[in-house]
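Below is one structure, written out as structure tokens; comments come after it.
The values are calculated or read from the model by the stated rules, or taken from the named source; none is laboratory data. All values derive from a computational prediction rather than experimental measurement. Note: ideal-geometry Cβ built from the backbone for every residue, glycine included; neighbour counts use all protein chains shown.
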Amino acid sequence: MNIHEYQAKALLRSFGCPVSDGRAVLRAEEAKAAAGELDGPLWVVKAQIHAGGRGKGHFIEPEAGEKGGVRLARSVEEADALARQMLGRTLVTHQTGPAGKQVNRIYIEDGSDIERELYLALLVDRATSRVSFVCSTEGGMDIEEVAASTPEKILSFSVDPASGLSDFHGRRVAFALGLKGPLMKQCVALIRNLYRLFLEKDMEMLEINPLIVTTDGHLKCLDAKMGFDNNALYRQPDILSLRDETEEDPKELAASKFDLNYIALDGEIGCMVNGAGLAMATMDIIKLHGAEPANFLDVGGGASKEKVTEAFKIITSDPNVKGILVNIFGGIMRCDIIAEGVLAAVTEVGLQVPLVVRLEGTNVELGKEIIANSGLNVIAADDLSDAAAKIVKAVKG
């Protein structure tokens, strides 16, 4: 789960990390009062969406004014005008795709005098099963670009959970970023607070880009992105309360409520599979036969009638889907039970596109017989390759 920048900064502030004073604005009429509560003389007006590259983005609507979802204002009135321009408009960045995202929230904060821009992040390193720090002197840029062109400018190291974090780790970051004297002490304290925040709130990612050095010699977290482990949200009610469902894909949101693992893609063949590995193989073989998958959808080992029905609803709600491939291995559940669930779901949803079903496992022949005798427009397949060939032929003619 991701949260907005202003929410992330509130968390940083609560853990003793330096951030600018700011106000969130959800309605246009609140903008002027919010800007008036800040000191100035420079205000930064930021569109709040769950995507990076806001400063380099552009709005679809011309009335939103100049390009960019991050703009500077030199008066309360100008900050108010910029907030009103951006609210309700669609911002397109390199991470949103061409459709963009609607800006429903604005964050207005005090401007900062910047001497240097740095990069700092904490991530879960799955290779070592540890928390890793990533830092670079090239802040304010796309870290992927820095990694590709000048990887020597990036330092990455993990923290051994047995010994935990020590001031040595903070000094190592400070040396890598060229911070000395009082700035080193600030860096050590910041690293300590960020690590504690990361662990206590069950984060997957915490990115500060840029981390700045101000002209008066202080570190400040100028921007912040946070991602949290969905599997740990049950013990983080305060984090869960920050969830903005308008930022999530409606289909993925619906899937999460039924414990379905769903990710929307750009293809034309919907996939419903039990097991993540089998789902990946299904997507691969669809591509091998010359088509593109419309989604990743894992219904899990216990593919009940209710789950199958909801999965069909989610898949068919995608207007790009021209056909559906169901690929189920009947291990925990018998294939005849799965076949009956698929047919019940098809009947309830009212299928309008070709459907190919491939079953394997316990009672597979009985399952195929149930599908063949159903009288519904459902095509049975013998194996995965046969299933992919049949659905691609049905879709592409």
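Could you grab me the full set of residues in the stretch 60-89 that are surrounded by 18 or more Cβ atoms within 10 Å (Cβ to Cβ) and among the polar types (S, T, N, Q)?
85
Among (1) modelled with pLDDT of 95 or more; (2) under 13 Å from residue 3 (Cβ atoms); (3) of a type in the set (A, V, I, L, M, F, W, C), which single condition is residue 211 missing?
For residue 211, the exception is condition (2).
Which one is surrounded by the fewest Cβ atoms within 10 Å (Cβ to Cβ) among residues in the stretch 14-49 that are under 12 Å from residue 221 (Cβ atoms) and out of contact with any strand residue (DSSP E or B) (no Cβ under 9 Å at 6 or more places or on another chain)? Working first, answer last.
Here is the first cut: in the stretch 14-49, the residues under 12 Å from residue 221 (Cβ atoms) are 15-20, 22.
The next check asks that each one be out of contact with any strand residue (DSSP E or B) (no Cβ under 9 Å at 6 or more places or on another chain); those that pass are 15-16.
Details: 15: 16, 16: 13.
In this case the residue turns out to be 16.
Can you name the residue in the stretch 358-397 that is among the charged types (D, E, K, R) and buried (at least 16 other Cβ atoms within 10 Å of the Cβ) and is also farthest from residue 273 (Cα to Cα) among such residues?
Going through the stretch 358-397, the residues among the charged types (D, E, K, R) turn out to be 358, 360, 365, 368-369, 382-383, 386, 390, 393, 396.
If we keep only those that are buried (at least 16 other Cβ atoms within 10 Å of the Cβ) as well, we get 358, 360, 368, 390, 393.
Working: 358: 10, 360: 12, 368: 17, 390: 16, 393: 20 Å.
Among them, the one singled out is 393.
So which of 225, 313 ends up being touching a helix residue (DSSP H, G or I) at 6+ places or on another chain (Cβ under 8 Å), among the charged types (D, E, K, R), surrounded by 15 or more Cβ atoms within 10 Å (Cβ to Cβ) and without any contact (Cβ under 8 Å) to a residue 60 or more places away in the chain? Step through it out loud before you land on a result.
Values: 225 fails: without any contact (Cβ under 8 Å) to a residue 60 or more places away in the chain.
Checking each option against the conditions leaves just 313.
Looking at residue 292, is it of a type in the set (Asp, Glu), touching a strand residue (DSSP E or B) at 6+ places or on another chain (Cβ under 8 Å), free of Cβ contacts under 8 Å to residues at least 40 places away in the same chain and surrounded by fewer than 19 Cβ atoms within 10 Å (Cβ to Cβ)? Please lay out each step first, then the result.
Details: of a type in the set (Asp, Glu): yes; touching a strand residue (DSSP E or B) at 6+ places or on another chain (Cβ under 8 Å): yes; free of Cβ contacts under 8 Å to residues at least 40 places away in the same chain: yes; surrounded by fewer than 19 Cβ atoms within 10 Å (Cβ to Cβ): yes.
Spelling it out, residue 292 is indeed of a type in the set (Asp, Glu), touching a strand residue (DSSP E or B) at 6+ places or on another chain (Cβ under 8 Å), free of Cβ contacts under 8 Å to residues at least 40 places away in the same chain and surrounded by fewer than 19 Cβ atoms within 10 Å (Cβ to Cβ).
Between 370, 285, 324, 314, which is modelled with pLDDT of 85 or more, farther than 25 Å from residue 254 by Cβ and within 28 Å of the chain's Cα centre (by Cα)? Let's see the steps before the verdict.
Working: 370 fails: within 28 Å of the chain's Cα centre (by Cα); 324 fails: farther than 25 Å from residue 254 by Cβ; 314 fails: farther than 25 Å from residue 254 by Cβ.
So the residue among 370, 285, 324, 314 that is modelled with pLDDT of 85 or more, farther than 25 Å from residue 254 by Cβ and within 28 Å of the chain's Cα centre (by Cα) is 285.
Within the stretch 288-311, restricting attention to residues that are part of a helix (DSSP H, G or I) and either at pLDDT below 90 or not assigned by TED's automatic domain parsing to the domain that holds residue 388 (or both), which residue is farthest from residue 391 (Cα to Cα)?
Pass one, the stretch 288-311, residues part of a helix (DSSP H, G or I): 288, 305-311.
Then keep just the ones that are either at pLDDT below 90 or not assigned by TED's automatic domain parsing to the domain that holds residue 388 (or both); that gives 305-311.
Values: 305: 22, 306: 24, 307: 22, 308: 19, 309: 20, 310: 21, 311: 18 Å.
Ranking the qualifying residues of the stretch 288-311, first place goes to 306.
If I ask for residues that are at pLDDT 90 or above, closer than 25 Å to residue 348 by Cα and aliphatic (A, V, I, L, M), which ones from the stretch 373-393 would you list?
387, 388, 391, 392
If you scan the stretch 174-187, which residues turn out to be of a type in the set (A, V, I, L, M) and buried (at least 20 other Cβ atoms within 10 Å of the Cβ)?
Pass one, the stretch 174-187, residues of a type in the set (A, V, I, L, M): 174, 176-177, 179, 183-184.
174, 176, 177, 179, listed by residue number.
Looking for something surrounded by fewer than 20 Cβ atoms within 10 Å (Cβ to Cβ), part of a helix (DSSP H, G or I), of a type in the set (D, E, K, R) and without any contact (Cβ under 8 Å) to a residue 24 or more places away in the chain - is there at least one such residue anywhere in the stretch 236-243?
Filtering the stretch 236-243 down to residues surrounded by fewer than 20 Cβ atoms within 10 Å (Cβ to Cβ) leaves 236-238, 240-243.
The next check asks that each one be part of a helix (DSSP H, G or I); those that pass are 237-238, 240.
Checking the rest, the ones that are also of a type in the set (D, E, K, R) come to 238.
Filter again for without any contact (Cβ under 8 Å) to a residue 24 or more places away in the chain, leaving 238.
Checked the stretch 236-243: at least one residue is surrounded by fewer than 20 Cβ atoms within 10 Å (Cβ to Cβ), part of a helix (DSSP H, G or I), of a type in the set (D, E, K, R) and without any contact (Cβ under 8 Å) to a residue 24 or more places away in the chain.
Hey, can you tell me all the residues within the stretch 83-127 that are closer than 30 Å to residue 179 by Cα, part of a loop (DSSP other than H, G, I, E, B) and modelled with pLDDT of 90 or more? Give the steps one after another, and end with the answer.
Going through the stretch 83-127, the residues closer than 30 Å to residue 179 by Cα turn out to be 107-127.
Now drop any that are not part of a loop (DSSP other than H, G, I, E, B), which leaves 111-113, 126-127.
Within the stretch 83-127, 111, 112, 113 meet the criteria.
Sort through 220, 185 and tell me the only one that's assigned to a strand (DSSP E or B) and among the basic types (Lys, Arg). Reasoning before the result, please.
Values: 185 fails: assigned to a strand (DSSP E or B).
Of the residues listed, the single one that is assigned to a strand (DSSP E or B) and among the basic types (Lys, Arg) is 220.
Looking at the stretch 345-354, is at least one residue under 18 Å from residue 280 (Cα atoms), of a type outside the set (Phe, Trp, Tyr) and surrounded by fewer than 21 Cβ atoms within 10 Å (Cβ to Cβ)? Working first, answer last.
Let us first name the residues in the stretch 345-354 that are under 18 Å from residue 280 (Cα atoms), namely none.
No, there is no match, as no residue in the stretch 345-354 is under 18 Å from residue 280 (Cα atoms), of a type outside the set (Phe, Trp, Tyr) and surrounded by fewer than 21 Cβ atoms within 10 Å (Cβ to Cβ).
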